[in-house]
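*Asks:* Okay, here's the structure, questions in a sec.
The values are calculated or read from the model by the stated rules, or taken from the named source; none is laboratory data. Since this is a predicted model, take the numbers as computed values, not measurements. Positions of Cβ are generated from backbone atoms using ideal geometry, with glycine treated the same way; all protein chains shown enter the neighbour counts. The protein model used for the area step is the full one, side chains on, heavy atoms only, and it has no ligands, DNA or RNA in it. Shrake-Rupley method; radii C 1.70, N 1.55, O 1.52, S 1.80 Å.
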Amino acid sequence: FFEPNQNAFTADLYRESFDKVIDLASTYGGALITIEGHSDPMAYLRGKKAGEGELVLSRIKQSAKNLSLSRAIAVRDSLIAYARAKDITLDESQFAVVGQGFTQPRNGMCGTDPCPPKDERAWRNNMRVQFRLIQVEAEASVFKPL
């Protein structure tokens, strides 16, 4: 989780989560691990409520997507540096970073827009990064002609 407009942090805040990801990355060496950054939709929702035009709203959306991508990149870089400090080498290509913006808010979607958070906790829960482990088989286990 992040503070508003924050895209950097220290690894010691997330030591337990990082240890778990390092363990998963080592155990499932062929898997892809996505690091998905998310941001809060309040600026967009306020702009829409105030009647801002599509150009302004699209800029807010892009800004949120940029922030969420920078969060995901910061987490990946911090994770790799944390592992390196523990003498563990992670393959950077095993991690894919994605900036979701506010397209997947914790409090759901209300039609085509994110639902507004009902309290500060729900608001803060949108400013986050999530890891997803995607197991991908690199090779077929038996031969079958195409």
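*Asks:* Could you list, in sequence order, all residues of segment 129-145 that are among the aliphatic types (A, V, I, L, M) and within 30 Å of Ser78 (Cβ to Cβ)?
*Replies:* So in segment 129-145, the residues among the aliphatic types (A, V, I, L, M) come out as 129, 133-134, 136, 138, 140, 142.
Residues satisfying the conditions are Val129, Leu133, Ile134, Val136, Ala138.
*Asks:* Out of segment 84-101, which residues are within 19 Å of Gly37 (Cβ to Cβ) and in a loop (DSSP other than H, G, I, E, B)? Spell out the reasoning first.
*Replies:* First pass over segment 84-101, keeping only residues within 19 Å of Gly37 (Cβ to Cβ): 90, 92-101.
Listed by number, the residues that qualify are Leu90, Gln100, Gly101.
*Asks:* I would also like to ask the following. Is it fair to say Ala50 is without any contact (Cβ under 8 Å) to a residue 24 or more places away in the chain, on the phi < 0 side of the Ramachandran plot and not charged (D, E, K, R)?
*Replies:* Numbers: without any contact (Cβ under 8 Å) to a residue 24 or more places away in the chain: yes; on the phi < 0 side of the Ramachandran plot: yes; not charged (D, E, K, R): yes.
Yes; evaluated as a whole, the condition is true for this residue.
*Asks:* Going by the conditions given, is Asp91 at positive phi and open to solvent by 40 Å² or more (accessible area, probe 1.4 Å)?
*Replies:* Here the answer is no, as Asp91 does not meet what is asked.
*Asks:* For Val21, state whether it is assigned to a helix (DSSP H, G or I) and among the β-branched types (Val, Ile, Thr).
*Replies:* Answer is yes for this residue.
*Asks:* Go through Leu79, Leu67, Leu45 for me and flag whichever is in a helix (DSSP H, G or I), in contact with a Ser or Thr (Cβ under 6 Å, 6 or more places away or on another chain) and surrounded by 18 or more Cβ atoms within 10 Å (Cβ to Cβ). Quick ask: steps written out before the conclusion?
*Replies:* Numbers: Leu79 fails: in contact with a Ser or Thr (Cβ under 6 Å, 6 or more places away or on another chain); Leu45 fails: in contact with a Ser or Thr (Cβ under 6 Å, 6 or more places away or on another chain).
Of Leu79, Leu67, Leu45, the one residue that is in a helix (DSSP H, G or I), in contact with a Ser or Thr (Cβ under 6 Å, 6 or more places away or on another chain) and surrounded by 18 or more Cβ atoms within 10 Å (Cβ to Cβ) is Leu67.
*Asks:* While we're on this one: Looking at (1) out of contact with any Leu (no Cβ under 8 Å at 6 or more places or on another chain); (2) in a loop (DSSP other than H, G, I, E, B), which is the one condition that is false for Arg124?
*Replies:* The number of the failed condition is (2).
*Asks:* Now, a different point. Has segment 52-60 got at least one residue that is in contact with a strand residue (DSSP E or B) (Cβ under 9 Å, 6 or more places away or on another chain) and loosely packed, with under 15 Cβ neighbours inside 10 Å? Spell out the reasoning first.
*Replies:* As a first pass, look at segment 52-60 and keep what is in contact with a strand residue (DSSP E or B) (Cβ under 9 Å, 6 or more places away or on another chain): none.
For segment 52-60, residues in contact with a strand residue (DSSP E or B) (Cβ under 9 Å, 6 or more places away or on another chain) and loosely packed, with under 15 Cβ neighbours inside 10 Å: absent.
*Asks:* Continuing with the same structure: Taking the condition open to solvent by 70 Å² or more (accessible area, probe 1.4 Å) and either out of contact with any helix residue (DSSP H, G or I) (no Cβ under 8 Å at 6 or more places or on another chain) or outside any loop (DSSP other than H, G, I, E, B) (or both), does Gln104 pass?
*Replies:* When the stated conditions are applied, Gln104 passes them.
*Asks:* Another question about this same structure. Looking at (1) without any contact (Cβ under 8 Å) to a residue 40 or more places away in the chain; (2) open to solvent by 60 Å² or more (accessible area, probe 1.4 Å), can you tell me which one Arg15 breaks?
*Replies:* (1)
*Asks:* Name the residues in segment 30-42 that are open to solvent by less than 30 Å² (accessible area, probe 1.4 Å), more than 14 Å from the chain's Cα centre (by Cα) and hydrophobic (A, V, I, L, M, F, W, C), would you?
*Replies:* Ala31
*Asks:* Out of contact with any Lys or Arg (no Cβ under 8 Å at 6 or more places or on another chain), open to solvent by 70 Å² or more (accessible area, probe 1.4 Å) and more than 30 Å from Glu137 (Cα to Cα): which single residue out of Thr27, Thr10 fits that description?
*Replies:* On the way: Thr27 fails: more than 30 Å from Glu137 (Cα to Cα).
Answer to the selection: Thr10.
*Asks:* Sticking with this one: I'd like the residue in segment 112-146 that is surrounded by 10 or more Cβ atoms within 10 Å (Cβ to Cβ) and of a type in the set (A, V, I, L, M, F, W, C) and, out of all such residues, is nearest to Leu24 (Cα to Cα).
*Replies:* Leu133
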